[in-house]
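Asks: Have a look at this one before I ask anything.
The values are calculated or read from the model by the stated rules, or taken from the named source; none is laboratory data. All values reported here derive from a predicted model rather than from experimental measurement. Virtual Cβ from ideal backbone geometry, glycine too; neighbours counted across all protein chains shown.
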Amino acid sequence: MLFTDLPLDHRILHFLSRKQFQNATDIQSQAIPHALLGKDLIASSKTGSGKTLAYLIPALQRVLKTRSLSKKDPRVLILAPTRELAKQVFLQLRALLDGMSTNAVLILGGENFNDQVKALRRNPQFVVGTAGRVADHLQDKSLFLNGLELLILDEADRMLDMGFAEQLKFINAMADHRKRQTLMFSATMDNTELHYLTKTMLKAPQRISIGSAG
Ligand code: ADP
Ligand code: MG
């Protein structure tokens, strides 16, 4: 599938053509159209198959093309298992947002809390971070998720392996409203805790599994 076959904002298509990405990868071909419809999704595919853009593209399309539910709260929250992975996602997002007025903030554990509070006060539309520190900001009331439209869990199985189940449940509860969409990515699907998480966090999710995940 060609990216130009998808109903995407010209700024997204321009980014993709600058990167010389013409064909969507398998996971992108399946996940993006579904995500653009506002549906929940649980997807797996192997490392290096382009999962980051599979969720960043529909997330940005939504932010560019629809009105926000709140002026202050972030519209999209992306959680990743480690500081390094969250940083990589953030850098891809920043590249995608280059030249746009849409702003994004990176919230990592181990960094200065008050600097993050200040950054959150600027009302970013995207927040990318690790679950522990994001939960801390919710506790501290420096972050609210009443207006959250899209929750994305990257490498959900790894977040569970790292012991973030409680934080994920808490974040889920704080962003619990009718209009929220959730996209979950995981290398494995056969994990009891993941099944529980899927049941509590996703609404009638579409399942996409490409090749042997890992
Ligand atoms: P995953 O999360 O599945 O491990 P990434 O999202 O990190 O994979 O993507 C792996 C690499 O593939 C990145 O360098 C990314 O820029 C590149 N990539 C993503 N989508 C495409 C595409 N449609 N065509 C070519 N390269 C792509
Ligand atoms: Mg990835």
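Asks: So, in segment 60-93, exactly how many residues are part of a helix (DSSP H, G or I), surrounded by fewer than 19 Cβ atoms within 10 Å (Cβ to Cβ) and within 16 Å of ligand 2 (Cβ to nearest atom)?
Replies: The qualifying residues number 7.
Asks: Does residue 18 qualify as being free of Cβ contacts under 8 Å to residues at least 60 places away in the same chain and either away from ligand 2 (no atom under 15 Å from the Cβ) or in contact with a Gly (Cβ under 7 Å, 6 or more places away or on another chain) (or both)?
Replies: Against the criterion (free of Cβ contacts under 8 Å to residues at least 60 places away in the same chain and either away from ligand 2 (no atom under 15 Å from the Cβ) or in contact with a Gly (Cβ under 7 Å, 6 or more places away or on another chain) (or both)), residue 18 qualifies.
Asks: Could you figure out which of (1) charged (D, E, K, R); (2) touching a residue at least 40 places away in the same chain (Cβ under 8 Å); (3) within 14 Å of ligand 1 (Cβ to nearest atom) isn't true of residue 83?
Replies: Just one mismatch for residue 83, condition (3).
Asks: Only residues in segment 99-110 that are over 15 Å from residue 131 (Cβ atoms) count as the first member; pair them with residues that are of a type outside the set (Asp, Glu) and part of a loop (DSSP other than H, G, I, E, B), Cβ under 6 angstrom, at least 6 apart or cross-chain, and list the lot.
Replies: Sorted first by the residue in segment 99-110, then by its partner, the pairs are 102/125; 103/124; 104/124; 105/124.
Asks: Just name the residue that is nearest to ligand 1 (Cβ to nearest atom) out of those in segment 30-59 that are among the polar types (S, T, N, Q) and part of a helix (DSSP H, G or I). It would help to see each step written out before you state the result.
Replies: Here is the first cut: in segment 30-59, the ones among the polar types (S, T, N, Q) are 30, 44-45, 47, 49, 52.
Imposing the further condition that a residue be part of a helix (DSSP H, G or I) reduces the set to 30, 52.
On the way: 30: 13, 52: 3 Å.
Top of the filtered list is 52.
Asks: When residues of segment 137-159 are filtered for being on the phi < 0 side of the Ramachandran plot and within 16 Å of ligand 2 (Cβ to nearest atom), how many remain? Explain how you work it out, then say what you get.
Replies: As a first pass, look at segment 137-159 and keep what is on the phi < 0 side of the Ramachandran plot: 137-140, 142-154, 156-159.
Adding the requirement that they be within 16 Å of ligand 2 (Cβ to nearest atom) leaves 152-154, 156-159.
Counting residues in segment 137-159 that are on the phi < 0 side of the Ramachandran plot and within 16 Å of ligand 2 (Cβ to nearest atom) gives 7.
Asks: Further question on the same structure: Check off (1) within 16 Å of ligand 1 (Cβ to nearest atom); (2) buried (at least 16 other Cβ atoms within 10 Å of the Cβ); (3) over 19 Å from residue 40 (Cβ atoms) for residue 142 and give me the number that stays unchecked.
Replies: The single condition residue 142 does not satisfy is (1).
Asks: Also: Restricting to segment 186-199, give me the number of residues that are surrounded by 12 or more Cβ atoms within 10 Å (Cβ to Cβ) and either within 16 Å of ligand 1 (Cβ to nearest atom) or among the hydroxyl-bearing types (Ser, Thr, Tyr) (or both).
Replies: The qualifying residues number 6.
Asks: Scan segment 44-68 for residues that are charged (D, E, K, R) and more than 12 Å from residue 25 (Cα to Cα) and report the count. Walk me through it before giving the result.
Replies: Our first condition is that a residue be charged (D, E, K, R); within segment 44-68, this holds for 46, 51, 62, 65, 67.
Cutting the leftovers down to more than 12 Å from residue 25 (Cα to Cα) gives us 62, 65, 67.
Counting residues in segment 44-68 that are charged (D, E, K, R) and more than 12 Å from residue 25 (Cα to Cα) gives 3.
Asks: Residues being in a helix (DSSP H, G or I), touching a Ser or Thr at 6+ places or on another chain (Cβ under 9 Å) and buried (at least 20 other Cβ atoms within 10 Å of the Cβ): count how many of those fall in segment 127-139. First the steps, then the outcome.
Replies: Initial filter on segment 127-139 (in a helix (DSSP H, G or I)): 131-139.
Retained after the next criterion (residues that are touching a Ser or Thr at 6+ places or on another chain (Cβ under 9 Å)): 136.
Adding the requirement that they be buried (at least 20 other Cβ atoms within 10 Å of the Cβ) leaves none.
Within segment 127-139, residues that are in a helix (DSSP H, G or I), touching a Ser or Thr at 6+ places or on another chain (Cβ under 9 Å) and buried (at least 20 other Cβ atoms within 10 Å of the Cβ) number 0.
Asks: Next question, about the same structure. Take the conditions within 16 Å of ligand 1 (Cβ to nearest atom), without any contact (Cβ under 8 Å) to a residue 60 or more places away in the chain and surrounded by 15 or more Cβ atoms within 10 Å (Cβ to Cβ) and apply them to residue 119. Does it pass?
Replies: Answer is no for this residue.
Asks: Now for a different question. Does segment 32-56 hold any residues that are surrounded by 15 or more Cβ atoms within 10 Å (Cβ to Cβ), within 14 Å of ligand 2 (Cβ to nearest atom) and either in contact (Cβ under 8 Å) with a residue 60 or more places away in the chain or of a type outside the set (Gly, Ala, Ser) (or both), and which are they?
Replies: 43, 44, 45, 49, 51, 52, 53, 54, 55, 56
Asks: So is residue 101 farther than 13 Å from residue 79 by Cα, surrounded by fewer than 20 Cβ atoms within 10 Å (Cβ to Cβ) and at pLDDT below 95 or not?
Replies: Spelling it out, residue 101 is indeed farther than 13 Å from residue 79 by Cα, surrounded by fewer than 20 Cβ atoms within 10 Å (Cβ to Cβ) and at pLDDT below 95.
Asks: So is residue 183 more than 16 Å from ligand 2 (Cβ to nearest atom) and buried (at least 17 other Cβ atoms within 10 Å of the Cβ) or not?
Replies: Against the criterion (more than 16 Å from ligand 2 (Cβ to nearest atom) and buried (at least 17 other Cβ atoms within 10 Å of the Cβ)), residue 183 does not qualify.
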